[in-house]
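The values are calculated or read from the model by the stated rules, or taken from the named source; none is laboratory data. These numbers come from a predicted model, not from an experiment.
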Amino acid sequence: MTNIEKINEIFIHHQGLITRQDLVDQNIPTWFLTDLVKKGHITRLSRGIYSNRFESFDTYYVFQQTHKRCESLDFKNAIADRGYGLQGL
């Protein structure tokens, strides 16, 4: 299986989103992401987070990946600020 096929499998498994760490975990050189962005095949959403879908993506997944050191209260406040409340958290 080629590295591009492995990257496509990761995209399928993660519903169109991939992180730099996903490639590192699979021993795939991370320059593939840069190359795919330059060719217009994927979009860079944030540092280390990429999408192969151009319509929509899970903003909370991106938030979670970019704010791994946040305490859970910070995440709850971010949700509350968006008007979703804290029910069920």
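Any idea which residue in segment 1-60 is modelled with the highest pLDDT, counting only those that are acidic (D, E) and within 10 Å of the chain's Cα centre (by Cα)? Steps first, please.
Just the residues of segment 1-60 that are acidic (D, E), to begin with: 5, 9, 22, 25, 35, 55, 58.
Adding the requirement that they be within 10 Å of the chain's Cα centre (by Cα) leaves 22, 58.
On the way: D22: 91, D58: 63.
The extreme case among them is D22.
On the basis of being outside any loop (DSSP other than H, G, I, E, B) and at pLDDT 85 or above, does I79 make the cut?
Values: outside any loop (DSSP other than H, G, I, E, B): yes; at pLDDT 85 or above: no.
Judged against the criteria, I79 is not a match.
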